[in-house]
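Chemist: There's a structure below that I have some questions on.
The values are calculated or read from the model by the stated rules, or taken from the named source; none is laboratory data. In this text the structure is predicted, and so the values were computed from the model without any measurement. Using ideal geometry, Cβ is built from the backbone for each residue, glycine included, and neighbour counts are taken over all protein chains shown.
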Amino acid sequence: MISGKARGVRLKQVDASITRPITDRVKEALFNIIGSDIINSSMLDMFAGTGSVGIEALSRGASYAMFLDVNSSAIEVINSNLSVTKLSNIGQVQQTDAFEYLDGSKSKKFEYIYIAPPQYNGMWISALEHIDNNLEWMSNDGWVIAQMDPSEFSEYDFKNLCMFDKRQYGNTVLAFYSTVDNENSRS
């Protein structure tokens with residue numbers, strides 16, 4: 001279920017075996033943390049699945065979202081969900097490997113990068129490492145948010161990113177990262 005401009009629209013789902021679904025409760029908590037900063041921002045929704053996180057951002061006022069997924073079924077569902085929410089004009093969908101995308105041309109900066117890869121493969125750390133080595137993907141005050149199972153979480157030292165918040169909602173952890181410079185300016 002979506003809030004904001006597309007309030008009440010039920011999104012089409014993808015087979016849960018190929019995605020890491022986010023519950024409505026966790027999604028609501030995430031956007032309560034982000035708050036009104038989502039307005040006029042841009043989001044990169046990596047491993048997008050149904051696209052529900054990026055679509056929620058658009059529905060709440062983000063100006064642009066890029067959705068990445070390697071699975072063709074997920075791409076079809078994201079396009080369908082963008083269409084039914086009438087947000088297709090501000091969302092872009094690419095069927096691609098997220099790591100290849102991050103290694104490619106840095107043509108756009110994002111205020112929010114959301115990482116929710118398949119569970120138990122350590123892919124969330126790999127994605128953070130790619131971003132840590134390619135900060136050109138992030139706006140100056142950008143956040144990277146990683147979703148994982150609590151058993152997957154571990155503290156990790158990056159060169160440029162540092163965790164500034166971590167929240168657990170049942171069997172989901174959201175870990176929030178910003179650049180070291182932005183973390184120092186928060187204190």
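Chemist: Given the conditions (1) over 17 Å from the mean Cα position of the chain (by Cα); (2) under 19 Å from L44 (Cα atoms); (3) of a type outside the set (S, T, N, Q), which single one is not true for F158?
Modeler: (2)
Chemist: Do we find that G170 is touching a residue at least 60 places away in the same chain (Cβ under 8 Å), loosely packed, with under 14 Cβ neighbours inside 10 Å and farther than 19 Å from I38 by Cα in this structure? Steps first, please.
Modeler: Values: touching a residue at least 60 places away in the same chain (Cβ under 8 Å): yes; loosely packed, with under 14 Cβ neighbours inside 10 Å: yes; farther than 19 Å from I38 by Cα: yes.
It is true that G170 is touching a residue at least 60 places away in the same chain (Cβ under 8 Å), loosely packed, with under 14 Cβ neighbours inside 10 Å and farther than 19 Å from I38 by Cα.
Chemist: Every residue in segment 70-79 that is over 14 Å from G54 (Cβ atoms) and assigned to a helix (DSSP H, G or I), please. Walk me through how you get there before you give the answer.
Modeler: Let us first name the residues in segment 70-79 that are over 14 Å from G54 (Cβ atoms), namely 70-73, 76.
Selection gives S72, S73, E76.
Chemist: Kindly indicate whether any position in segment 68-83 is in contact with an Asp or Glu (Cβ under 9 Å, 6 or more places away or on another chain), within 16 Å of M138 (Cβ to Cβ) and at pLDDT 95 or above.
Modeler: yes
Chemist: Sort through S187, S126, S105 and tell me the only one that's of a type outside the set (A, V, I, L, M, F, W, C) and at pLDDT 90 or above.
Modeler: Values: S187 fails: at pLDDT 90 or above; S105 fails: at pLDDT 90 or above.
The unique qualifying residue is S126.
Chemist: Here is a follow-up. Does segment 134-147 hold any residues that are surrounded by 15 or more Cβ atoms within 10 Å (Cβ to Cβ) and over 22 Å from I38 (Cα atoms), and which are they?
Modeler: Result: no residue meets the conditions.
Chemist: Within segment 89-98, how many residues turn out to be modelled with pLDDT of 95 or more and part of a helix (DSSP H, G or I)?
Modeler: Final tally of qualifying residues: 2.
Chemist: Considering only residues that are among the basic types (K, R) and in contact with a Phe, Trp or Tyr (Cβ under 9 Å, 6 or more places away or on another chain), look in segment 22-67 and name the one that is nearest to M123 (Cα to Cα). Can you show your working first?
Modeler: Taking segment 22-67 and keeping what is among the basic types (K, R), we get 25, 27, 60.
Next, only the ones that are in contact with a Phe, Trp or Tyr (Cβ under 9 Å, 6 or more places away or on another chain) stay: 25, 60.
Details: R25: 24, R60: 28 Å.
Here the answer is R25.
Chemist: Would you please list the contacts, defined by Cβ atoms under 6 Å and residues six or more apart or on different chains, that run from a residue in segment 119-134 that is over 11 Å from T179 (Cα atoms) to a residue that is assigned to a loop (DSSP other than H, G, I, E, B) and charged (D, E, K, R)?
Modeler: Q119/R20; Q119/D149
Chemist: Another question about this same structure. Which of the strands (runs of 3 or more DSSP E) found entirely inside segment 113-187 contain at least 1 residues meeting this: touching a strand residue (DSSP E or B) at 6+ places or on another chain (Cβ under 6 Å) and of a type in the set (V, I, T)? Reasoning before the result, please.
Modeler: Values: elements: 138-148, 161-169, 172-179.
By residue number, 138-148, 172-179.
Chemist: So which residues in segment 30-63 are surrounded by 22 or more Cβ atoms within 10 Å (Cβ to Cβ) and charged (D, E, K, R), if there are any at all?
Modeler: Across segment 30-63, the qualifying residues are D45, E56.
Chemist: Scan S126, S83, S88 and give me the residue that is of a type in the set (S, T, N, Q) and either farther than 22 Å from I38 by Cβ or buried (at least 17 other Cβ atoms within 10 Å of the Cβ) (or both).
Modeler: Values: S83 fails: either farther than 22 Å from I38 by Cβ or buried (at least 17 other Cβ atoms within 10 Å of the Cβ) (or both); S88 fails: either farther than 22 Å from I38 by Cβ or buried (at least 17 other Cβ atoms within 10 Å of the Cβ) (or both).
Result: S126 is the single residue among S126, S83, S88 that is of a type in the set (S, T, N, Q) and either farther than 22 Å from I38 by Cβ or buried (at least 17 other Cβ atoms within 10 Å of the Cβ) (or both).
Chemist: Can you work out which of the residues in segment 108-121 that are surrounded by fewer than 16 Cβ atoms within 10 Å (Cβ to Cβ) and under 16 Å from N134 (Cα atoms) is modelled with the highest pLDDT?
Modeler: Among those that are surrounded by fewer than 16 Cβ atoms within 10 Å (Cβ to Cβ) and under 16 Å from N134 (Cα atoms), it is K109.
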